[in-house]
Each structure stands twice: as C-alpha cells, then as structure tokens.
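Written out below as structure tokens is the structure these notes cover.
Please treat every number below as a calculation from the coordinates, not as lab data. Bear in mind the structure is a predicted one, so any value in this text is a computation, not a measurement. Reconstructed Cβ throughout: ideal geometry from the backbone, glycine too, with neighbour counts over all protein chains shown.
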Amino acid sequence: MISCIGRRLLMGQSVVGEVEAAGEALGSNYHKLGFYSYGEISPHNVTGRSILHNQTMTVMTLAEAA
C-alpha cells in the first residue's frame, strides 16, 4: 500500500482506518507493507498526458503461481 503524504495531511488520523480497511479487504493470507509517497505521476484519463496526482492511495498485490 502506497499512500500519498497529501492524504495523511488532509485526513489526519483517519488515514489509519483507511489502511486497516484495505488490509481487512485483502484478508489474512497476505502480508502487508506500506509507505508514504509524495504523489503519483501517471497519465490523466482524459488528456493522456502524465501529471502529478496528489492525495492518492495505491494498493498492489503480488502472487506466485504454484
């Protein structure tokens, strides 16, 4: 889980509940790891140009096939 520091500044302690909810949604079979970032640079869904998106949270899962 990668949460933008802007979310932390905006939401204060509420961000802890958001991270806990994301962890509960993943379930107990997953190890969880997270950190704060200073934003996310990715394409805008209308213009297609890469821009800074602030106050985002990204959740990524990795799995290994048997």
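General remarks:
- The charge dipole of segment 2-58, taken about its Cα centre with unit charges on the Cβ atoms of Lys, Arg (+1), Asp and Glu (-1) only, comes to about 180 debye.
- Among the listed values (1) 1.29; (2) 1.59; (3) 1.45, the one computed from these coordinates for Cα Rg over 2.2 N^0.38 Å is (1).
- Ordering 36, 21, 6 by the projection of their Cα atoms onto the charge dipole of the chain, which places +1 on the Cβ of Lys and Arg and -1 on the Cβ of Asp and Glu, puts 6 at the extreme positive end.
- Packing-based exposure ordering (other Cβ within 10 Å, fewest first) of 56, 61: 61, 56
- Tilt relative to the chain, helix 14-26 - C-alpha long axis, 0 to 90 degrees, to 10: 50 degrees
- By the beta-carbon count within 10 Å of each Cβ, the least crowded to most crowded order of 58, 47, fewest first, is 47, 58.
- The modelled label-to-label distance for the pair residue 63/residue 10, using points 7 Å beyond Cα in the direction of Cβ, is 3.1 nm.
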